[in-house]
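J.: Before anything else, here's the structure in question.
The values are calculated or read from the model by the stated rules, or taken from the named source; none is laboratory data. Only a predicted model underlies this, so the values are computations on that prediction, with no experimental measurement involved. Backbone-built Cβ (ideal geometry, glycine too); neighbour counts: all protein chains shown. In case anyone asks, the SASA skips ligands and DNA or RNA and just uses the protein heavy atoms, side chains included. Shrake-Rupley method; radii C 1.70, N 1.55, O 1.52, S 1.80 Å.
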Amino acid sequence: MKNLLIKSLQSFRPSRSSQRLSTIMSLLKDVGRSFYLSIKILPSSMRYPVGLAYLLARIADTIVDDRFINNKSKLEMLLEFRVQINKTADSKDTKIITFRIGEKNESVKENQIIEKLPLVLKAIDDLEKNDAIEVINLVDTITSGMELELSTFFEYQTDENIIAIPTIQDQEKYIYLVAGCVGEFWTNMTIRHTSSLSRHDTDYMRTLGVNFGKALQLTNIIRDVPTDIRSGRCYIPASELSNYGLSPKDLLDDKTNKRTQLLLYANIHRVLKYYIDAQSYVLALPKSNIRLRLAAIWPLTFGLATLSKIST
């Protein structure tokens, strides 16, 4: 009788996977408030894999953005991070990464993620096999984009040595790797977990999803031009700057205001074309699946609001 009672009580204990899910959703609420809204409203079967993918991407971001680590070390850590993601739970070893990232990191929120890094990585094994493959492939793609970014700006230090992405083709590759692939991932997860896109050409929907992600990333690039330039980076292609008779540093110079405005408007026009595809993506989702529609509408609305502020 006693053994039976113990077994009954144990059955009511939350599993490790449910505990990890609870922790992951709590972390999302703290470190990704705007994106948390989209994840929270998703159909239940999509929340865990999409939320976990977002947290893993944020960890990679933390590595890239740490101002106390040089680019060579960041590249090494990203590679190690990708290695750990592809290992099984029992063989993961995050001690070195956790220590090196968290040692001097000043952000409380980022430290929260770093402290939970072992749990977040092990949570991959809680996923259904195909979901785990999608998440791992996504993080592999995003981190390869970050590696491209670090390699491009390997020597940047100050505004005296500003490096620009060479061509629009290079920029397109970069924004696909760090953002466009997210739209592709989102579409794949929608196809796997709902019947919402069953009447649509799925390859076409993936293309719209990629352009949705590109729209959001290009918006961020335009918004962050001054900050990036002061950090020695320019995500506006050198070839495009040359067409307007500009150098990266000129983007901060009021004397070239007319030319910089023309460049800005040209980029906004280009981004709006991507937002047309983003709108088409949202409208393709059935009205009956209000959760999925809201999850896509929110980032679209935030992105357009940001672009509106930039253009005024």
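J.: In nanometres, what is the gap between the two model label sites at Arg230 and Leu79, each 7 Å from Cα along Cα-to-Cβ?
T.: 3.4 nm
J.: Can you give me the long-range amide H partners of Ile163? Hydrogens built in the peptide plane at 1.01 Å from N, cutoff under 5 Å, separation of 5 or more residues or another chain.
T.: Residues meeting the amide H criterion: Arg233, Cys234.
J.: Also: Protein chains only, probe 1.4 Å: how do Thr227, Thr202 rank by accessible area, largest first?
T.: Greatest to least solvent exposure: Thr227, Thr202.
J.: Tell me, what % of the accessible area of the stretch 193-312 is carbon and sulfur with a 1.4 angstrom probe?
T.: For the stretch 193-312, the apolar C and S fraction of the accessible surface comes to 53 percent.
J.: Can you give the net charge of the other residues whose Cβ lies under 15 Å from the Cβ of Ser242, counting K and R as +1 and D and E as -1?
T.: -1
J.: For the stretch 126-261, what does the relative contact order come out to in percent, with C-alpha contacts under 8 Å and a separation of six or more?
T.: Result for the stretch 126-261 is 30 percent.
J.: Could you compute the net charge surrounding Ile41? Neighbours are other residues with a C-beta less than 12 Å from the C-beta of Ile41; K and R count +1, D and E count -1.
T.: +4
J.: Sticking with this one: When only DSSP loop residues count, what chymotrypsin sites (Phe, Trp or Tyr not before Pro) in the stretch 29-70 have their Cβ near at most 14 other Cβ atoms within 10 Å?
T.: Phe68
J.: Would you mind pulling out the separation of the Cα centroids of the stretch 254-288 and the stretch 156-222, in Å?
T.: For the stretch 254-288 versus the stretch 156-222, the Cα centre distance is 14 Å.
J.: Extension gain Ile163-Thr202, at 0.36 nm per residue separation less the Cα-Cα distance, in nm?
T.: 10.2 nm
J.: Return the loop-located trypsin sites (Lys or Arg not before Pro) in the stretch 179-266 (DSSP other than H, G, I, E, B) with at most 12 other Cβ atoms within 10 Å of their own Cβ; answer none if there are none.
T.: Here the sparse-neighbourhood loop sites are Arg199.
J.: Next up: Test of the criteria: in the stretch 280-312, which trypsin sites (Lys or Arg not before Pro) are in a DSSP loop and have at most 13 other Cβ atoms within 10 angstrom of their Cβ?
T.: Lys287
J.: Follow-up question, since we're still on this one. Mind giving me the nanometre distance, one decimal, between the label points for Ser239 and Trp298, set 7 Å out from Cα along Cα→Cβ?
T.: Calculated label separation equals 3.8 nm.
J.: Moving on. Which pairs, out of Lys214/Lys273; Lys29/Lys87; Lys87/Lys129; Lys122/Lys173; Lys173/Lys273, put more than 19 Å between their alpha-carbon atoms?
T.: Long pairs (Cα-Cα over 19 Å): Lys29/Lys87; Lys122/Lys173.
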